[in-house]
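Values quoted throughout were computed directly from the atomic coordinates according to the rules given, and no laboratory measurement underlies them. What you are looking at is a predicted structure, and each value in this text was computed from that prediction instead of being measured. Reconstructed Cβ throughout: ideal geometry from the backbone, glycine too, with neighbour counts over all protein chains shown.
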Amino acid sequence: NQGNFFLRIQNSKLRAQVQDTSTSPTHIARVESSVLSSATWYFGTLVYTGSTKTLELYINAVSHGTDNEPLLSGNLYSQNMLSVFKRNQGTGDVFFGGKIPITMIYNVALTPAESQQNFNEDKARYGL
């Protein structure tokens, strides 16, 4: 199976999506945060659970929504398609101009408690 994973800022919101490109049409699960303030640190966590085909986005350990796409193949495999804060505008790439101090990628879906634990461990470093 082929999957693409995207995490980007769009219209002042953190937007995440996972898509299954092995199917036609492509099946997509997508979720986005509420509007984020500029010059503010946020701790974002994206969880994709293959067994339930659900994508969930947390900001500062609070869920900002889920999306379930039953037609996703479940356990998506992606050899090289992880796009973080970059998008193609047709004529060239547009990159995120901020700072990303921590990036963690797990091979299992985090529970809400594990997401909260990660947030609690790092929030004081960034004044959250």
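Observations on the model:
- A crude spin-label estimate for the pair residue 60 and residue 105, with each label 7 Å from Cα along the Cβ direction, gives 2.8 nm.
- Here the extension length gained between residue 11 and residue 113 equals 33.8 nm, from 0.36 nm per residue of separation less the Cα-Cα distance.
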